[in-house]
Amino acid sequence: MTTTNAYGQPLGDPVPDWAPAGLPDAVTVPGRYCTLELLDPDRHAEDLYAAYAAAPDARDWTYLPVGPFPTPRSYRDWAIAAAKTRDPRHYAVIDNATGRALGTLSLMRHDPANGVIEVGYVVFSRALQRTPASTEAQFLLMRYAFDDLGYRRYEWKCDSLNEPSRKAAERLGFTYEGTFRQVVVYKGRNRDTAWYALTDHDWPPVRDAFEKWLDPANFDTDGRQRDPLRTR
């Protein structure tokens, strides 16, 4: 049912109990397969560089505004600068089985007044990709944003040509909302940006789907999933 004002103009749904969301400040976000920790160059940079350097090529950096990093020093310098920023707020993904940092992701473009936040700078090493921990890392950050901080909207944006990122967004339950043309110039080239989002209305069934998928009973003795993640 559409609400109208005294002039007959349609109005958006009331949000009567809204209060601004919180800013990301958790030091750790624990999970079953991985733990998110605020990026700390002294604790994480060596592991992260080693994990990234193990890849046979640099294709994981093509659609990122940073990297690839040719030396441990160059990566550490980036990590030192990144760890100092509050927006983006960078987290290292720690594999609970080994204690090693295998990737990073961040919460960025914080808009607590309107309850909007974005996940970005997702850099998962080959050792982390396509593992339960990689999916859980995304889930932990979503749950932190929605359930702990109180955000209404959680965004995912990527180069419109980045097909793996677009497929990941869809698998994780995001809804495609359109492509913004000529939004960014990075690495000397244009980026048209594909927009995806989850809202707090989308979140409860998506959260249930993640929890079901991440249950240890969903994996065989070799760690292969029995049922795929179904967020839709």
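The values are calculated or read from the model by the stated rules, or taken from the named source; none is laboratory data. No experiment lies behind these values; they were computed from the predicted model shown. Here the Cβ is made from the backbone with ideal geometry for all residues, glycine too, and neighbour counts use every protein chain on show.
Identify all residues within region 56-68 that are under 21 Å from the mean Cα position of the chain (by Cα) and either over 19 Å from GLY120 (Cβ atoms) or not small (Gly, Ala, Ser) (or both); write none if there are none.
ALA58, ARG59, ASP60, TRP61, THR62, TYR63, LEU64, PRO65, VAL66, PRO68
Please determine whether any residue of region 109-121 is more than 23 Å from TRP18 (Cα to Cα) and without any contact (Cβ under 8 Å) to a residue 60 or more places away in the chain.
The answer is yes; a qualifying residue exists.
Filter region 29-88 down to residues that are within 18 Å of ALA133 (Cα to Cα), of a type in the set (Phe, Trp, Tyr) and part of a loop (DSSP other than H, G, I, E, B), then give me how many there are.
Matching residues across region 29-88 total 1.
Scan region 204-224 residue by residue and report those that are under 29 Å from ASP159 (Cα atoms) and either of a type in the set (Lys, Arg) or not in a helix (DSSP H, G or I) (or both).
Hit for region 204-224 is ARG207, nothing else.
Evaluate region 151-160: report whether one residue or more is in contact with a Cys (Cβ under 9 Å, 6 or more places away or on another chain), assigned to a strand (DSSP E or B) and surrounded by 17 or more Cβ atoms within 10 Å (Cβ to Cβ). Can you show your working first?
Taking region 151-160 and keeping what is in contact with a Cys (Cβ under 9 Å, 6 or more places away or on another chain), we get none.
There is no residue in region 151-160 that is in contact with a Cys (Cβ under 9 Å, 6 or more places away or on another chain), assigned to a strand (DSSP E or B) and surrounded by 17 or more Cβ atoms within 10 Å (Cβ to Cβ).
Quick check: anything in region 110-123 part of a helix (DSSP H, G or I) and under 11 Å from the mean Cα position of the chain (by Cα)? Write out each step before concluding.
Going residue by residue through region 110-123, those that are part of a helix (DSSP H, G or I) are none.
Scanning region 110-123 turns up no residue that is part of a helix (DSSP H, G or I) and under 11 Å from the mean Cα position of the chain (by Cα).
Which pairs do you get when a residue that is farther than 21 Å from ASN218 by Cα, found in region 135-155, comes within reach of a residue that is in a helix (DSSP H, G or I) and at pLDDT 95 or above, reach meaning Cβ atoms under 7 angstrom, with the pair 6+ apart or on two chains?
Short answer, once both residue conditions are applied: PHE146/TRP203; TYR151/ALA145; TYR154/MET142; TYR154/ALA145; TYR154/PHE146.
Output the residues belonging to region 29-52 that are surrounded by 15 or more Cβ atoms within 10 Å (Cβ to Cβ) and farther than 19 Å from ALA83 by Cα.
GLY31, TYR33, CYS34
Of all residues being out of contact with any helix residue (DSSP H, G or I) (no Cβ under 8 Å at 6 or more places or on another chain) and under 20 Å from ARG166 (Cβ atoms) in region 55-72, which is surrounded by the most Cβ atoms within 10 Å (Cβ to Cβ)? Just the residue, please.
Only one residue tops the list, namely LEU64.
Does ARG76 satisfy the condition of being over 24 Å from LEU140 (Cα atoms), surrounded by 14 or more Cβ atoms within 10 Å (Cβ to Cβ) and among the charged types (D, E, K, R)?
yes
Read through the list (1) touching a Pro at 6+ places or on another chain (Cβ under 8 Å); (2) under 17 Å from LEU140 (Cβ atoms); (3) part of a loop (DSSP other than H, G, I, E, B), then give the number of the only condition that SER106 fails.
(3)
What pairs can you find where one residue is in region 161-176 and of a type in the set (Gly, Ala, Ser), the other is crowded, with 20+ Cβ neighbours inside 10 Å and in a loop (DSSP other than H, G, I, E, B), and their Cβ atoms are less than 9 Å apart, with a gap of 6+ or different chains?
Correct list of pairs: ALA168/PHE174.
Does GLY173 satisfy being surrounded by 12 or more Cβ atoms within 10 Å (Cβ to Cβ), at positive phi and at pLDDT 95 or above? It would help to see each step written out before you state the result.
On the way: surrounded by 12 or more Cβ atoms within 10 Å (Cβ to Cβ): yes; at positive phi: yes; at pLDDT 95 or above: yes.
Considered against the rule, which asks whether it is surrounded by 12 or more Cβ atoms within 10 Å (Cβ to Cβ), at positive phi and at pLDDT 95 or above, GLY173 comes out as yes.
Please go through region 187-203 and give me each residue that is touching a residue at least 12 places away in the same chain (Cβ under 8 Å) and not in a helix (DSSP H, G or I), ordered by number.
LYS187, ARG191, ASP192, THR193, ALA194, TRP195, TYR196, ALA197, LEU198, THR199, ASP200, ASP202
Hey, any hits in region 161-177 for a residue that's in contact with a strand residue (DSSP E or B) (Cβ under 9 Å, 6 or more places away or on another chain), assigned to a strand (DSSP E or B) and more than 16 Å from THR231 (Cα to Cα)?
yes
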